[in-house]
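Comments concern the structure below.
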Amino acid sequence: MAALQAAGPSTRREGVPITLIIDDPAPLVNVFWWHAADSQKTDHPTQQSGEPVARDVPTDFLEEFAEVIARWGVRGKFSVLPYPAGLGKISEGWPGADPSDLRRWNRIARERVMPFMDITPEILTHAKAVDIDTLSLLAENERDWASHQTAATLTPYIACALRLLNEVGLEATGVTSPWDFGREVEPDYRAAIRRAMKEVNRRGQTWYFLHTSSRGTEFLSQVVHREGDDWLVSLVSQAGDFLWRTMETKEAGPEVVRSVADLHLTEDGRNGRLAELFHAGTPIVFHTHWQSLYSNGRRTGLKALEEVGRRIARAWGAGARWVTCDELAREIAAGQAHQSNRVSGSV
Ligand SMILES: [Zn+2]
């Protein structure tokens, strides 16, 4: 499928932009296993259903995901962890990682995901922080570590993540925060994102994802820094991760797929959180997680995403327009993405 043609700044764009943020993907492993192991203080973490948390995600699942986004033209952002769970570099692998499987994952991400989705690091490990000089793991996780950092220490950390992605041909356009990384030091974090992105990718116009809010319909993504032609946009997800619950239940039939899809958008296009935003004319930024799509092996979340993609196409047609996160950030910076055509009397 041909990539979306980027419209020039003077081109009038029709339809409400919609972008999907996908957090936590990594080659071969399910980083959520490490989160659950840490919070449950065990090497045998379980889901709420009692079943063991899957530690691995087969590369075939990435292929299935690539098919779904191509089929429905879904665009947005796809995180890739550069040093997943602290195991090793994405470019070199780690003990237990099949080198050809790792290369295959990286190739699918590059050739079949990247045409639809911007790539971002979700900083290095989304687990324990790393000493970037020795690549040894620190005692704190990245979220706790970030809370007492400055622009001077965050810049090389982010730059290291961007370089590791470049080594496998996955050049990032923005940065994703693991958990709420950087929230306590956000002015320093923003400065570090700008500096690292300029230093490594020669990019003065960039964006990041840290904040979510499911209340109201006011458009919350905005430019948070501007200097000459350079800008930094904060993209705010305005819908919760409804697919998360597919991890926690063994139910995986069509009823569950439909009911989870309904929370985003009902078949008739009238109800669900995405419909609330759409009918308010609010550009739609929503997010989910790799583990939510994988559903501990059942892949119910991916089926629900496919159903949401189908419903969006069928119910809204040209009224909605899938964009990547970078495309939306550019529209925001150009003053072209804002709440429009309020529809009174909608749901
Ligand atoms: Zn995450």
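Just checking, does the stretch 176-197 include any residue being within 11 Å of Ile158 (Cα to Cα) and within 15 Å of the ligand (Cβ to nearest atom)?
Yes: one or more hits.
Please work out which residue is nearest to the ligand (Cβ to nearest atom), limiting yourself to the stretch 75-89 and to residues that are touching a strand residue (DSSP E or B) at 6+ places or on another chain (Cβ under 8 Å) and on the phi < 0 side of the Ramachandran plot.
Going through the qualifying residues, I end up with Ser79.
Within the set of pairs 6+ apart or on separate chains, which have a first residue in the stretch 114-131 that is in contact (Cβ under 8 Å) with a residue 12 or more places away in the chain and more than 22 Å from His35 (Cβ to Cβ), a second that is charged (D, E, K, R) and assigned to a loop (DSSP other than H, G, I, E, B), and C-beta atoms under 7 Å apart?
Taking only residues 6 or more apart or on different chains, the pairs are Phe116/Arg75; Met117/Arg75.
Please work out if Ile108 is within 16 Å of the ligand (Cβ to nearest atom) and touching a helix residue (DSSP H, G or I) at 6+ places or on another chain (Cβ under 8 Å).
Against the criterion (within 16 Å of the ligand (Cβ to nearest atom) and touching a helix residue (DSSP H, G or I) at 6+ places or on another chain (Cβ under 8 Å)), Ile108 does not qualify.
How do the pairs read when you match residues in the stretch 36-49 that are touching a residue at least 24 places away in the same chain (Cβ under 8 Å) with residues anywhere that are hydrophobic (A, V, I, L, M, F, W, C), using Cβ under 7 Å and keeping only pairs 6 or more apart or on different chains?
Gln47/Val53; Gln47/Met247
So, Arg215, is that one at pLDDT below 95 and more than 16 Å from the ligand (Cβ to nearest atom) or not?
In short, yes.
Out of the residues in the stretch 264-292 meeting the condition of being among the β-branched types (Val, Ile, Thr) and in a loop (DSSP other than H, G, I, E, B), tell me which one is farthest from the ligand (Cβ to nearest atom).
The extreme case among them is Thr266.
So which of Thr46, Thr42, Thr19 ends up being polar (S, T, N, Q), over 15 Å from Leu293 (Cα atoms) and in contact with a Gly (Cβ under 6 Å, 6 or more places away or on another chain)?
Thr19
Residues being among the charged types (D, E, K, R), part of a loop (DSSP other than H, G, I, E, B) and within 17 Å of the chain's Cα centre (by Cα): count how many of those fall in the stretch 46-83.
Residues flagged as among the charged types (D, E, K, R), part of a loop (DSSP other than H, G, I, E, B) and within 17 Å of the chain's Cα centre (by Cα) within the stretch 46-83 amount to 1.
I'm trying to understand the selection: among the residues of the stretch 232-262, which are among the acidic types (Asp, Glu) and either within 21 Å of Pro52 (Cα to Cα) or crowded, with 17+ Cβ neighbours inside 10 Å (or both)?
Those that are among the acidic types (Asp, Glu) and either within 21 Å of Pro52 (Cα to Cα) or crowded, with 17+ Cβ neighbours inside 10 Å (or both): Asp241, Glu248, Glu251, Asp262.
What number of residues within the stretch 121-133 are away from the ligand (no atom under 11 Å from the Cβ) and more than 7 Å from Leu81 (Cα to Cα)?
6
Checking the conditions here, which among Ser177, Ser100 is surrounded by fewer than 22 Cβ atoms within 10 Å (Cβ to Cβ), among the small types (Gly, Ala, Ser) and at pLDDT 95 or above?
Residue meeting the stated conditions: Ser100.
Answer yes if at least one residue in the stretch 182-191 is over 29 Å from Arg104 (Cβ atoms), aliphatic (A, V, I, L, M) and in a helix (DSSP H, G or I), and no otherwise.
Scanning the stretch 182-191 turns up at least one residue that is over 29 Å from Arg104 (Cβ atoms), aliphatic (A, V, I, L, M) and in a helix (DSSP H, G or I).
For residues that are more than 14 Å from the ligand (Cβ to nearest atom) and of a type in the set (Phe, Trp, Tyr), tally how many sit in the stretch 19-63.
1
I'd like to check something: does the stretch 149-166 contain any residue that is assigned to a loop (DSSP other than H, G, I, E, B), more than 16 Å from the ligand (Cβ to nearest atom) and not polar (S, T, N, Q)?
No - not one qualifying residue is present in the stretch 149-166.
The values are calculated or read from the model by the stated rules, or taken from the named source; none is laboratory data. Keep in mind it's a predicted model, so treat the numbers as computed, not measured. Neighbour counts are summed over all protein chains in view; Cβ atoms, including those assigned to glycine, are modelled from backbone coordinates with ideal geometry.
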